[in-house]
Structures are given as structure tokens and as C-alpha cells.
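Colleague: Structure below; questions to follow.
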Amino acid sequence: MDDLLERWAGLWGAGMAQVWRSYTAAKDAIRAYGRTLVGQTPARVIYTEGRLRLLHYAPQAETRHPVPVLCVPSLINHYYIMDLTPERSLVGSLLRRGLDVYMLDWGVATDADRARTLDEYITGLLGRCVQAVQRESGARAVALLGYCMGGMMAAVYSVLRPADVAALVNLAGPINYHDDGIYSVWTRPEYLDVDLLVDTLGNIPAELLNFTFHMVRPTDEVLRALDYWERRDDDAFVRRFAAMQLWTNDPTPFPGEAFRKYIKDLYQRNALIDGIFTIGGERIDLARITAPTLTIAARRDHIAPWESVAVLHDLVSSADRQLIVLESGHIGMVVGSDAHTQLWPRLGAWLASRAGSSDA
């Protein structure tokens, strides 16, 4: 029996080595292919500031709802997760419903952004993008659709500039940072000296962020290698795989001062929940949000545990508010195989029903 087990282990090891070699050899080609697939929905740039771009997508329906939708992605991820491939595009699904869609592309932070604060990203850059959308569309208020960290930023902006916000969607954006997620543990003051990290590195390198993300689920890379080996001749699978491989391995640096406040005030102090978080010297009380609010959480979300997202539903004062909890994960909810039946139609219908009139 021992000999049989040893032979089986040897064969499995040799086979897995072949799988891994094939996967690693193809990695560069996979990512290069991915770059040809992502962010393909036609759009034009209507505003730039440094590395930031604001995109306005070409309409795909004969008529458009008058209230524009501004998508706000995470500060440290490329925007194209919301426009991954033509067949896996949240943006495309919104356009087909006649929504007028804009996208904030934060760009890739450089040393010039090291001192830019979280306050400036929210009240400054995000605020100026909202103003650009207002000018372009002629609408007095916009619907903010924030994904991941962008959901928190959109919620904070809704407190600070309520007249600018016609509706708010928090898509998997954490609000309660003292949750049961791994990031809540790793960022505790006894484990993470934020000041030392920022003072030493400035911007937090993309490579360090990527390593941290992969450490949350360290076996995922092996599973991806097996998945690729088994389905590498399936063209449709390879398209999806290449696009996702590009995005999951392509984070952007976290601007140093923004990181300092984000971790210390939110993860370590949980200041947003405790009502002591300030932006631009103003205390952020989420109860001041009265715009129609949709909160969408994913029950299998390992990045923003669903309860840490869902709490926003109970904190806002909106008479028109809705909570949706999907049986999916943080990324799968947006681009997974069932996103077109679970998320896209419900999100699109909610936005369309609140974008049918404008005070412009």
C-alpha cells in the first residue's frame, strides 16, 4: 500500500509540475491577450487631471434617461473590472437600458501623488469629476455607483455634497471595518505600523498590494493553473480567463497619505461607524444621506464581508432605500457567469427607475 501511495504521489507531482510549467510559461501571453479585451466599450475622455481620466460612454439605446450615472471604482484597481469584456460588461448592461454612463478612471499613482490625501481624492478629484458630468449632461445631480472602496467614497461624498447626488449605489463597499474579514485582522495596530510603512515607502507599491491580496487565498493560483490546463482549448474560457488574470494581477499603487488615513481612521479606528470620521474637516454622519440608496453585498465576499457592506442600509435616512444580498463573491458579483441574471438587471432596473426625470 505504501508503494502504491508513493507511486501515486510521484505521478501526481510530475503531472502538477507539467501543469504549472504550462501555466507559468503562458502567463505573459495570457495577460497580453487580456489587454486586448478589457475596457472595449466605446467612450470618449471628457476630463483629465494628472493621471485621472473621466470617460463618457457612447449611448447604446435610442433614448437615454436624463440623470447620468457616474461609476466610481476602487482607488487601487483599474476601472475596467466594470467593463471587463464586451460579453462581461456591467457598463454595457447599463447602456443597453438607456442609462447615461460615465466612468472615473483614477489612473496609476506616481510619486507626485504621494502626499495627496484621502480628503482630496473625495472632495477634490471626485468632486471635480461630478462637476464635469454635470456640465456634460446638463443635469444638476448625478447617480453615484461606487464599487468596493469607491462605494465608501461615494457614500462620503453623498454626505458632503447632497445636492450633487440624485441616487447612491454602494456595490460591495465596506462601511463597518471592524468585521470578521481577514483585512480587519491584518490591519490591526499591533500588526501594522501604518506610519512606518508610509514614511518608508511613500506610495504603497502595487507589488506589495498584489502579494497581500494573493495571501488571503494562497491556493487560488494553483486552482487557476489547473483550470487553465483543463480548459485551455476552450476559446470562450480563455477570453474570460485572460481578462480576469490581467485585472487580478494589475493593481495600482496606493497613494501614501491616502493609505495612511484609510487604514488608521477606517480599519484601525472604525471611525466611519463611530461617527468620528472627518473629510475636509467635516464629520461624516451617514444618517445625513437622504438620496435614494441601493446597497448591494455579496455573501461570499472575502474582501468586503457582506455585513460590513449591508450596514449602510440601516445607517442612511433615505426614505427610498433597498438592500440586495447576492450569493456570490466580491468580483464574481460583477463579472461572474451569473452576473447577467443576478446583478445587472436588478441594478439597471433600480437606476433606470430613479433616472427618469431631471431638474436640469
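The values are calculated or read from the model by the stated rules, or taken from the named source; none is laboratory data. These figures come from a predicted structure and were not determined experimentally. Cβ atoms come from the backbone with ideal geometry, glycine included; neighbour counts cover every protein chain shown.
Colleague: If you check THR41 against the conditions, is it at pLDDT 95 or above, loosely packed, with under 13 Cβ neighbours inside 10 Å and either touching a helix residue (DSSP H, G or I) at 6+ places or on another chain (Cβ under 9 Å) or in a strand (DSSP E or B) (or both)? Let's see the steps before the verdict.
Modeller: Numbers: at pLDDT 95 or above: yes; loosely packed, with under 13 Cβ neighbours inside 10 Å: no; either touching a helix residue (DSSP H, G or I) at 6+ places or on another chain (Cβ under 9 Å) or in a strand (DSSP E or B) (or both): yes.
Spelling it out, it is not the case that THR41 is at pLDDT 95 or above, loosely packed, with under 13 Cβ neighbours inside 10 Å and either touching a helix residue (DSSP H, G or I) at 6+ places or on another chain (Cβ under 9 Å) or in a strand (DSSP E or B) (or both).
Colleague: Another question about this same structure. Within the range 96-127, which residues are surrounded by fewer than 24 Cβ atoms within 10 Å (Cβ to Cβ), in contact with a strand residue (DSSP E or B) (Cβ under 7 Å, 6 or more places away or on another chain) and within 28 Å of ARG239 (Cβ to Cβ)?
Modeller: ASP105, GLY107
Colleague: Have a look at SER74, SER22, SER89 and point out the one that is farther than 26 Å from ALA304 by Cα and touching a residue at least 40 places away in the same chain (Cβ under 8 Å).
Modeller: Working: SER74 fails: farther than 26 Å from ALA304 by Cα; SER89 fails: farther than 26 Å from ALA304 by Cα.
Testing whether each residue is farther than 26 Å from ALA304 by Cα and touching a residue at least 40 places away in the same chain (Cβ under 8 Å) leaves just SER22.
Colleague: If a residue has to be in contact (Cβ under 8 Å) with a residue 40 or more places away in the chain and either out of contact with any Lys or Arg (no Cβ under 8 Å at 6 or more places or on another chain) or part of a strand (DSSP E or B) (or both) to count, how many in the range 126-139 make the cut?
Modeller: 9
Colleague: As an exercise: evaluate TYR262 against (1) at pLDDT below 90; (2) closer than 25 Å to TRP186 by Cα and give the number of the one condition it does not meet.
Modeller: All conditions pass for TYR262, except number (1).
Colleague: Mind checking which residues of the range 170-186 are in contact with a Leu (Cβ under 6 Å, 6 or more places away or on another chain) and within 14 Å of LEU315 (Cα to Cα)? Please lay out each step first, then the result.
Modeller: First, the residues of the range 170-186 that are in contact with a Leu (Cβ under 6 Å, 6 or more places away or on another chain): 170, 175, 177.
Once the filter is applied, which keeps residues that are in contact with a Leu (Cβ under 6 Å, 6 or more places away or on another chain) and within 14 Å of LEU315 (Cα to Cα), the range 170-186 yields ASN170, ILE175.
Colleague: Every residue in the range 339-353 that is touching a strand residue (DSSP E or B) at 6+ places or on another chain (Cβ under 9 Å) and surrounded by fewer than 18 Cβ atoms within 10 Å (Cβ to Cβ), please.
Modeller: ARG346
Colleague: Any idea which of SER337, SER318, SER328 is more than 20 Å from VAL101 (Cβ to Cβ) and touching a helix residue (DSSP H, G or I) at 6+ places or on another chain (Cβ under 7 Å)? Before the answer, list the steps.
Modeller: Values: SER337 fails: touching a helix residue (DSSP H, G or I) at 6+ places or on another chain (Cβ under 7 Å); SER318 fails: touching a helix residue (DSSP H, G or I) at 6+ places or on another chain (Cβ under 7 Å).
Exactly one of SER337, SER318, SER328 is more than 20 Å from VAL101 (Cβ to Cβ) and touching a helix residue (DSSP H, G or I) at 6+ places or on another chain (Cβ under 7 Å), namely SER328.
Colleague: Please count how many residues of the range 238-293 are aromatic (Phe, Trp, Tyr), within 20 Å of the chain's Cα centre (by Cα) and closer than 21 Å to LEU126 by Cβ. Spell out the reasoning first.
Modeller: Filtering the range 238-293 for residues aromatic (Phe, Trp, Tyr) gives 241, 247, 254, 259, 262, 267, 277.
The next check asks that each one be within 20 Å of the chain's Cα centre (by Cα); those that pass are 241, 247, 254, 259, 262, 267.
From what is left, the residues that are closer than 21 Å to LEU126 by Cβ are 254, 259, 262, 267.
Within the range 238-293, residues that are aromatic (Phe, Trp, Tyr), within 20 Å of the chain's Cα centre (by Cα) and closer than 21 Å to LEU126 by Cβ number 4.
Colleague: Among the residues of the range 265-300, write down those that are touching a residue at least 12 places away in the same chain (Cβ under 8 Å), more than 23 Å from GLY202 (Cα to Cα), charged (D, E, K, R) and part of a helix (DSSP H, G or I).
Modeller: Answer for the range 265-300, where residues must be touching a residue at least 12 places away in the same chain (Cβ under 8 Å), more than 23 Å from GLY202 (Cα to Cα), charged (D, E, K, R) and part of a helix (DSSP H, G or I): just ARG288.
Colleague: Follow-up question, since we're still on this one. Go through the residues of the range 256-264 one by one and say whether even a single one is part of a loop (DSSP other than H, G, I, E, B) and either without any contact (Cβ under 8 Å) to a residue 12 or more places away in the chain or crowded, with 19+ Cβ neighbours inside 10 Å (or both).
Modeller: For the range 256-264, residues part of a loop (DSSP other than H, G, I, E, B) and either without any contact (Cβ under 8 Å) to a residue 12 or more places away in the chain or crowded, with 19+ Cβ neighbours inside 10 Å (or both): absent.
Colleague: Moving on. Just to confirm my filter: which helices (runs of 4 or more DSSP H) fall fully inside the range 140-236 and include at least 1 residues that are more than 25 Å from LEU84 (Cβ to Cβ) and out of contact with any helix residue (DSSP H, G or I) (no Cβ under 9 Å at 6 or more places or on another chain)? Lay out the reasoning, then the answer.
Modeller: Details: elements: 149-160, 182-186, 194-201, 206-216, 220-231.
Filter on the range 140-236 gives 182-186, 194-201.
Colleague: Among the numbered conditions (1) more than 17 Å from the chain's Cα centre (by Cα); (2) of a type outside the set (A, V, I, L, M); (3) within 22 Å of THR278 (Cα to Cα), tell me where CYS148 comes up short.
Modeller: CYS148 satisfies every listed condition except (1).
Colleague: Of the residues that sit in the range 1-38 and are assigned to a loop (DSSP other than H, G, I, E, B) and out of contact with any Phe, Trp or Tyr (no Cβ under 6 Å at 6 or more places or on another chain), which one is modelled with the lowest pLDDT?
Modeller: Kept after step one, since they are assigned to a loop (DSSP other than H, G, I, E, B), are these residues of the range 1-38: 1, 36-38.
Now drop any that are not out of contact with any Phe, Trp or Tyr (no Cβ under 6 Å at 6 or more places or on another chain), which leaves 1, 36-37.
Details: MET1: 54, THR36: 94, LEU37: 94.
Top of the filtered list is MET1.
Colleague: Mind listing whichever residues of the range 110-131 are over 16 Å from GLY150 (Cα atoms) and either of a type in the set (D, E, K, R) or in contact with a Leu (Cβ under 9 Å, 6 or more places away or on another chain) (or both)? Lay out the reasoning, then the answer.
Modeller: Residues of the range 110-131 that are over 16 Å from GLY150 (Cα atoms), as a first pass: 110-116, 131.
Passing the criteria: ASP111, ASP113, ARG114, ARG116.
Colleague: Looking at TYR79, is it touching a Gly at 6+ places or on another chain (Cβ under 9 Å) and among the aromatic types (Phe, Trp, Tyr)? Give the derivation first.
Modeller: On the way: touching a Gly at 6+ places or on another chain (Cβ under 9 Å): yes; among the aromatic types (Phe, Trp, Tyr): yes.
So TYR79 passes the test.
Colleague: Next up: Would you confirm whether any residue within the range 58-68 is outside any loop (DSSP other than H, G, I, E, B) and either at pLDDT 95 or above or surrounded by fewer than 22 Cβ atoms within 10 Å (Cβ to Cβ) (or both)? I'd like the intermediate steps shown before the answer.
Modeller: If we filter the range 58-68 for residues that are outside any loop (DSSP other than H, G, I, E, B), which is where we start, we get none.
No, the range 58-68 contains no residue that is outside any loop (DSSP other than H, G, I, E, B) and either at pLDDT 95 or above or surrounded by fewer than 22 Cβ atoms within 10 Å (Cβ to Cβ) (or both).
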